[in-house]
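A short write-up of the structure that comes next.
The values are calculated or read from the model by the stated rules, or taken from the named source; none is laboratory data. Not measured: the values here are computed from a predicted model. Here the Cβ positions follow ideal geometry from the backbone for every residue, glycine too, while neighbour counts run over all protein chains shown. Remember, those area values only see protein heavy atoms, side chains included, never the ligands or the DNA or RNA. Shrake-Rupley method; radii C 1.70, N 1.55, O 1.52, S 1.80 Å.
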Amino acid sequence: MGSPRSLLLLTSAFLLLSVSSTSSFPTPELFTQCLEANSQNPIPFSTTFFTPNHNASFTSVLESTAQNLRYLLPSMPKPAFIFTPLEDSHVQASVICAKKLKIHFRVRSGGHDYEGLSFVSLIEQPFMIIDLTKLRSIQVDIAHNTAWVEAGATLGEVYYRISEKSPIHAFPAGVCPSVGVGGHITGGGYGSLHRKYGLAVDNVIDARIVDANGKILDRAAMGEDLFWAIRGGGGGSFGIILSWKIKLVQVPPIVTIFTVNKTLEQNANKILYKWQQVAPNIDEDLYIRVQMRVVNSSTQGKRTVQTSYISRFLGRADRLLQLMEKKFPELGLTKKDCLETSWIKSVPYIYGFPNTTSPEILIQRTLSGKMYMKAKTDYVRQVIPETALNSIWRRFMQDDEAVMTWVPYGGMMSKISESTLPYPHRKGVLFESQYVATWFDGEKSMQKHMNWVRRLYDFMTPYAPRFPREGYVNYRDLDLGMNHFNSTSFLRSSTWGFEYFKDNFIRLVKVKSEVDPSNLFRHEQSIPPLPLESFKD
């Protein structure tokens, strides 16, 4: 979508806020009294409850895991208070009290959501945050190839704790270690193992959630429809995830990693054209993503595009080299490019750290500097011709801080039906393409960068699927539309619902209508409830 539509949506949202906010919003004291009355165990409010006027640490807690600085600008709405529960019963009580006192809330586990929906409400004020970062227990059971992981744990913590118990077990999920498990899995969760083992949600075997009535449900209690919906239907629509039971997968004791950089002057165009044909169809043990950015050219004073092929192979270097020579010789991979290492040591490298980085960095909650950013995404199902690549580069070099990433699909992703889980982007997808604009001077250059990424997205339209154009719910994009104040509608939500979920959107609406008809769990792009009669034949 272009800039005018987005501005109109945001303007409408803020106008709705101005007329909807009331003075009847419950005081923090009323909420804490309700929590005390409804929690099974005592709550130490001095370390779990934060308000702007009574806690010097309110701002630091608010900003602690928020990654997109665009949603921390002074002009952005701030919560009336933040609650950081220490146990499941505290989460139960917070849902019961929010419903009883009519308090709109957002739920945060990692804070990486692209449009800040876990810590900002653009359509409904006042609001509060239920922050799950203190619920981060990880219980690994190697004997049964499983683990129970609380929602506030990060992916890096999960990977590290598994490696403490076994060097040949892993979990297929995202490459960014500081992403929260709770939200990541609700949207699908692709990563560097999805070609071999599928998504994170494809490897979830149980879950515990708090529903709209404040009850804690496991898989047996919630039923298969709700269990289906929470595995890929996006966060913030069906309940609050407390923990996931995940299935561990096997990895070899030695894996091989490499990065090969090619600029436009080094035949990058032809190599990338070939990558599109090779990467989704090559051995599923091999993951090669491509990251593109603008760099200085070998010609003084000029800029060029560098394509970086970042890879992990589930095996030794000799077999990798034989495979690459047969399937992708254009890349020119050599023995000296390859590094054999353990699985857990490869995890920081695949994220972007040097190959000497210790795995202990994975248990740090914050790994990189925060930035202002706007991102958009596509699922590409046809090879983009070389002539079009040249046009992409001309547009790409209009923004020096831009990053584009292409992630290969195929392998296991092509073997799972679109309707098995809400995440539908499976068979036929060659790669997922992400366009990211970043900047560091706040509102000064914000419009310039956001306009750039929107123009690139528009330019990519002929190479993306249509009816619908496909997007990733974990990379939410408010350009696609937003719910209105305290209301959702099927018609409005379908503008993004079908892009994120394709025909699975219909089933998600049915589940929502059954488990949360009053729409307690809602945000700018939540699933809408409808009367069940609407779906009867």
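State, to one decimal in nm², a quarter of the convex hull surface area for the C-alpha atoms of region 21-83, i.e. the direction-averaged projected area. Mind showing how you got there, number by number?
Numbers: hull surface 21.9 nm².
It is 5.5 nm².
Please report Rg over Rh for region 290-358, where both radii come from the alpha carbon positions and Rh follows the Kirkwood definition. It would help to have the intermediate numbers written out before the result.
On the way: Rg = 14.5 Å, Rh = 14.0 Å.
Ratio value, two decimals: 1.04.
Give the average over all directions of the projected area of the C-alpha convex hull of region 91-146, one decimal, in nm². Spell out each step's value before the answer.
Values: hull surface 21.9 nm².
The number I arrive at for region 91-146 is 5.5 nm².
Which length gain, in nm to one decimal place, applies between Thr461 and Lys335 when the Cα-Cα distance is subtracted from 0.36 nm times their residue separation? Don't skip to the end; give the middle numbers.
Working: separation 126, 0.36 × 126 = 45.36 nm, distance 3.90 nm.
Gain on extension, Thr461 to Lys335, equals 41.5 nm.
At 0.36 nm per residue, minus the direct Cα-Cα distance, what do Thr47 and Asp441 gain on full extension? Give it in nm, one decimal, please.
Values: separation 394, 0.36 × 394 = 141.84 nm, distance 3.32 nm.
Result for the pair: 138.5 nm of gain on full extension.
Once you list every other residue whose beta carbon is under 13 Å from the beta carbon of Asp285, what net charge do they have if Lys and Arg are +1 and Asp and Glu are -1?
Numbers: positive: Arg195, Lys196, Arg312, Arg316, Arg319, Lys327; negative: Asp283, Glu284.
With Lys, Arg at +1 and Asp, Glu at -1, the net is +4.
For Ile310, what charge total do you get from the other residues with a beta carbon under 13 Å from its beta carbon, if Lys and Arg give +1 and Asp and Glu give -1? If you can, show how the numbers build up before the last one.
Details: positive: Lys262, Arg289, Arg293, Arg312; negative: Asp337.
So the surrounding residues net to +3.
Just to verify a number: what accessible area does Cys34 come out at with the full protein assembly present, 1.4 Å probe, Å² rounded to tens?
Here the accessible area works out near 10 Å².
Skip the ligands, DNA and RNA, and give the accessible area per residue of region 187-328 with a 1.4 Å probe, whole Å².
It amounts to 36 Å² per residue over region 187-328.
Quick one, what does Rg over Rh come out to for region 18-129 if you take C-alpha atoms and the Kirkwood Rh? Before the final figure, lay out the partial values.
Values: Rg = 13.6 Å, Rh = 14.5 Å.
Rounded to two decimals, Rg/Rh equals 0.94.
Which entries in Lys165/Lys427; Lys262/Lys444; Lys245/Lys512; Lys99/Lys512 show an alpha-carbon gap greater than 27 Å? Could you put the intermediate results ahead of the total?
On the way: Lys165/Lys427 34 Å; Lys262/Lys444 33 Å; Lys245/Lys512 22 Å; Lys99/Lys512 17 Å.
Over 27 Å apart, Cα to Cα: Lys165/Lys427; Lys262/Lys444.
Would you kindly work out the equivalent ellipsoid of region 379-427 from its C-alpha gyration tensor and give its semi-axes, the square roots of five times the eigenvalues, largest first in whole Å? Intermediate values should be presented prior to the final figure.
Working: eigenvalues 179, 34, 13 Å².
Gyration-tensor ellipsoid for region 379-427: 30, 13, 8 Å.
Ranking request for peptides 444-452, 177-185, 382-390, 284-292: highest mean number of other beta-carbon atoms within 10 Å first, then the rest in descending order.
Numbers: 444-452: 15.9, 177-185: 26.8, 382-390: 14.0, 284-292: 21.3.
Going from most to least packed, we get 177-185, 284-292, 444-452, 382-390.
Counting only Cα, what are the radius of gyration and maximum Cα-Cα distance Dmax of region 193-280, in Å?
Gyration radius and largest Cα-Cα distance of region 193-280: 20.2, 61 Å.
At 10 °C and a viscosity of 1.306 mPa s, what translational diffusion coefficient does Stokes-Einstein give for region 168-316, taking Rh as the Kirkwood radius over Cα pairs? Give it in µm²/s as a whole number.
On the way: Rh = 17.9 Å.
Value of D from the Cα-based Kirkwood radius: 89 µm²/s.
Add -39500 (n - 2.57) for each DSSP H run of 4 or more in the chain, then divide by its residues: what number comes out at 222 nm, to the nearest 500 deg cm²/dmol? List each step's numbers first, then the result.
Details: 16 runs with 166 residues, N = 537.
When only DSSP H runs of four or more count, the value is -9000 deg cm²/dmol.
Compute the separation of the alpha-carbon centres of region 91-133 and region 286-362 and state it in Å as a whole number.
Going from one Cα centre to the other spans 39 Å.
Are there trypsin sites (Lys or Arg not before Pro) in region 87-151 that DSSP marks as loop and that have at most 16 other Cβ atoms within 10 Å, and which are they? Intermediate results must be reported in sequence, preceding the final value.
Values: sites: Lys99, Lys100, Lys102, Arg106, Arg108, Lys134, Arg136; in loops: Lys102, Lys134, Arg136.
Listed in order of number, the matching sites are Lys102, Lys134.
Let me understand region 116-169 better: what is its radius of gyration from the alpha carbons, and its Dmax, in angstrom?
15.9, 48
Any idea what % of Cα-Cα pairs in the chain are farther than 31 Å? Walk me through the numbers before you get to the answer.
Numbers: 65624 of 143916 pairs.
Roughly 46 percent, rounded to a whole number.
Might you tell me the accessible area per residue for region 375-510, computed with a 1.4 Å probe and given in Å²?
Values: 5070 Å² over 136 residues.
So region 375-510 comes to 37 Å² accessible per residue, rounded to a whole number.
Write down, largest first, the equivalent ellipsoid semi-axes of region 74-190 in whole Å, where each equals the square root of 5 times an eigenvalue of the alpha-carbon gyration tensor. Before the final figure, lay out each step's value.
Numbers: eigenvalues 183, 54, 19 Å².
Equivalent ellipsoid of region 74-190: 30, 16, 10 Å, largest first.
Could you work out the equivalent-ellipsoid semi-axes for region 189-228, taking the square root of 5 times each eigenvalue of the Cα gyration tensor, largest first, in whole Å? Let's see the in-between values first.
On the way: eigenvalues 137, 18, 10 Å².
Ellipsoid semi-axes (Å, largest first): 26, 10, 7.
Hey, can you find the accessible area per residue of region 69-159 for me, probe 1.4 Å, expressed in square angstrom?
Values: 2570 Å² over 91 residues.
That works out to 28 Å² per residue.
Run the numbers on region 12-136 and let me know its relative contact order in percent, using alpha-carbon pairs under 8 Å that are six or more apart.
Numbers: 185 pairs, mean separation 42.4, N = 125.
Relative contact order here is 34 percent.
Express the relative contact order of region 84-158 as a whole percentage, based on alpha carbon pairs under 8 Å and six or more residues apart in sequence. Present the calculation step by step, with values, prior to reporting the outcome.
Values: 102 pairs, mean separation 22.2, N = 75.
Computed value for region 84-158: 30 percent relative contact order.
Regarding region 379-537, what are the three Cα extents along the principal axes, ordered largest first, in Å?
Its Cα atoms span 52, 42, 22 Å along the three principal axes.
Which net charge results for the neighbourhood of His169, defined as the other residues with beta-carbon distances under 12 angstrom from its beta-carbon, given Lys and Arg at +1 and Asp and Glu at -1?
Numbers: positive: Arg161, Lys165, Lys247; negative: Asp141, Glu164.
Here the count lands on +1.
Treating the Cα atoms of region 457-537 as identical point scatterers in vacuum, please give the log10 of the normalised Debye intensity I(q)/I(0) at q = 0.17 Å⁻¹, two decimals.
Each listed q corresponds, in turn, to -0.68.
Mean separation of Cα pairs under 8 Å and 6+ residues apart, divided by the residue count of the chain: what relative contact order is that in percent?
On the way: 1138 pairs, mean separation 84.8, N = 537.
Computed over the chain, the figure is 16 percent.
Just the number, please: carbon plus sulfur as a percent of the accessible area of the chain, 1.4 Å probe, no ligands or DNA/RNA counted. Intermediate results must be reported in sequence, preceding the final value.
Details: 11010 of 20890 Å².
The C+S portion of the solvent-accessible surface of the chain is 53 percent.
Quick check: residue separation of Glu386 and Ser489 times 0.36 nm, minus the Cα distance between them. What number comes out in nm? Can you show the working numbers first?
On the way: separation 103, 0.36 × 103 = 37.08 nm, distance 4.20 nm.
Working it through step by step, the gained length comes to 32.9 nm.
Helix 155-165 against the longest principal axis of the chain: what's the angle in degrees, Cα atoms only, rounded to the nearest 10?
Helix 155-165 sits at roughly 80 degrees to that axis.
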